[in-house]
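*Asks:* Before we start, here is the structure in question, set down as structure tokens.
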Amino acid sequence: MSLAVRYSQFGSPDVLRVVDVDEPHAGEGQVRVAVRAAGLNAYDYKVRRGGYVAEHALPSGQGAEFAGVVDEVGDGVDDVSSGDEVLGYTSFAAQAEYVVVRAANVAPKPAGLDWAVAAGIGLVGNAARRSTDSLALTADDTVIVTAAAGGVGLLATQFARATGATVIGTASEPNHDLLRSLGAIPVAYGDGELERLRAAAPHGYTAMLDNSGPASVRIGLELGIAPSRINSIVDFDTPGIGNVGGGRKSRAELVELARQTVTGELVFPILATFPLARVADAYRRFEERSGPGKIVLTVP
Ligand SMILES: NC(=O)c1ccc[n+]([C@@H]2O[C@H](COP(=O)([O-])OP(=O)(O)OC[C@H]3O[C@@H](n4cnc5c(N)ncnc54)[C@H](OP(=O)(O)O)[C@@H]3O)[C@@H](O)[C@H]2O)c1
């Protein structure tokens, strides 16, 4: 037997349990990973609350990303070995002692890369990379990144800055110094946001990377940004804007995110870690949300 997170009804973190399950084993083309850390994502709790995915069978596991050590290799796998330290993707299964995935879903973890960072960067990195690329930003752009201190926002801020664009990031006050250190101009969200954004870029804006939702997109439109230059990973209803988010995950992309993080090219703070047994507390902290960076479970 081995431990895994499960829930049998939709709801708050209170429904989360860590239970004994049959130990999974690697089949053909698969590897088994002894998990050392597993990232938390908003997607997890949106699904767990029951409103996000049309059909989601219960009982369910949880967690889409992990880092750990390969300890079983199935037939036909010749590019991953037992003992390899890896980071990877899965669906509803990462928060467990063991996860079984296709070999192509894992990438080598650089020796110097922290387990928590390795477990937390994949999903938000994929969404931030694809959303930023979708706007083909250049040094001529002035772009608003909303929720710039969140998991996706921090990386989108850095990817956007790397194009030479001027980046204005919305975040609460305690996160402003971090955004400044990444080369962005911070602006507080909430009452008066539109006026503060106007004042922060008197020449106006050319693009928006939205990680927050319809209210933020509305502000972008009021600031005169063309809908075709707004990409949102949260607002799927406003007509005319882009919705390029997570997708087409690959080993090559994980390798690149890991390289950029371990070399310090990307800053990726870890806000908190919790042991697997405290998964409910970890999500309570995550769903209350204060402070920048990623929350990650550690195993065992
Ligand atoms: N479509 C996709 O493929 C995709 C992929 C990944 C994520 N997402 C979605 O994108 C969103 C962000 O994900 P995440 O992982 O970055 O979440 P996260 O790490 O929880 O960050 C959320 C951030 O939202 C900020 N925030 C709260 N209220 C705000 C407001 N009114 N205006 C602007 N910012 C506000 C907070 O900023 P402060 O900390 O500064 O207060 C917080 O840092 C989630 O809804 C998630 O489900 C979509």
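The values are calculated or read from the model by the stated rules, or taken from the named source; none is laboratory data. What you are looking at is a predicted structure, and each value in this text was computed from that prediction instead of being measured. For neighbour counting, all protein chains shown are included, and Cβ atoms are generated from backbone atoms with ideal geometry for every residue, glycine included.
*Asks:* Quick check: anything in the range 66-73 of a type in the set (Phe, Trp, Tyr) and crowded, with 16+ Cβ neighbours inside 10 Å?
*Replies:* yes
*Asks:* Specify the residue that is surrounded by the most Cβ atoms within 10 Å (Cβ to Cβ); the eligible residues are those in the range 37-47 that are closer than 17 Å to residue 289 by Cα and in contact with a strand residue (DSSP E or B) (Cβ under 8 Å, 6 or more places away or on another chain).
*Replies:* The residue in question is 40.
*Asks:* I've got another one for you. Counting only residues that are in a helix (DSSP H, G or I) and within 16 Å of the ligand (Cβ to nearest atom), how many does the range 224-260 have?
*Replies:* The number of residues fulfilling the criteria is 3.
*Asks:* Identify, from the list 280, 207, the residue that is in the same structural domain as residue 63 (by TED's automatic domain parsing), touching a residue at least 12 places away in the same chain (Cβ under 8 Å), away from the ligand (no atom under 16 Å from the Cβ) and more than 27 Å from residue 112 (Cα to Cα).
*Replies:* Going through 280, 207 in turn, just one is in the same structural domain as residue 63 (by TED's automatic domain parsing), touching a residue at least 12 places away in the same chain (Cβ under 8 Å), away from the ligand (no atom under 16 Å from the Cβ) and more than 27 Å from residue 112 (Cα to Cα): 280.
*Asks:* Shifting gears a bit: Determine which member of the set 200, 136 is surrounded by fewer than 19 Cβ atoms within 10 Å (Cβ to Cβ) and closer than 21 Å to residue 239 by Cα.
*Replies:* Sole residue among the options that is surrounded by fewer than 19 Cβ atoms within 10 Å (Cβ to Cβ) and closer than 21 Å to residue 239 by Cα: 136.
*Asks:* Now for a separate question. If a residue must be among the small types (Gly, Ala, Ser) and part of a strand (DSSP E or B), how many such residues does the range 261-295 contain?
*Replies:* 1
*Asks:* Only residues that are of a type in the set (Asp, Glu) and under 10 Å from residue 97 (Cα atoms): list them for the range 21-43, please.
*Replies:* Matches in the range 21-43: 23 only.
*Asks:* Go through the range 110-163 residue by residue and tally those that are among the aromatic types (Phe, Trp, Tyr) and assigned by TED's automatic domain parsing to the domain that holds residue 190.
*Replies:* So the answer is 1.
*Asks:* Moving on. Mind listing just one residue for me: the one in the range 135-148 that is of a type in the set (A, V, I, L, M, F, W, C) and in contact with a Gly (Cβ under 7 Å, 6 or more places away or on another chain) and, of those, farthest from residue 246 (Cα to Cα)?
*Replies:* The extreme case among them is 139.
*Asks:* Restricting attention to the range 210-257, and to residues there that are of a type in the set (Ser, Thr, Tyr) and over 19 Å from residue 169 (Cβ atoms), which single residue is surrounded by the most Cβ atoms within 10 Å (Cβ to Cβ)?
*Replies:* So, considering only residues that are of a type in the set (Ser, Thr, Tyr) and over 19 Å from residue 169 (Cβ atoms), the one surrounded by the most Cβ atoms within 10 Å (Cβ to Cβ) is 238.
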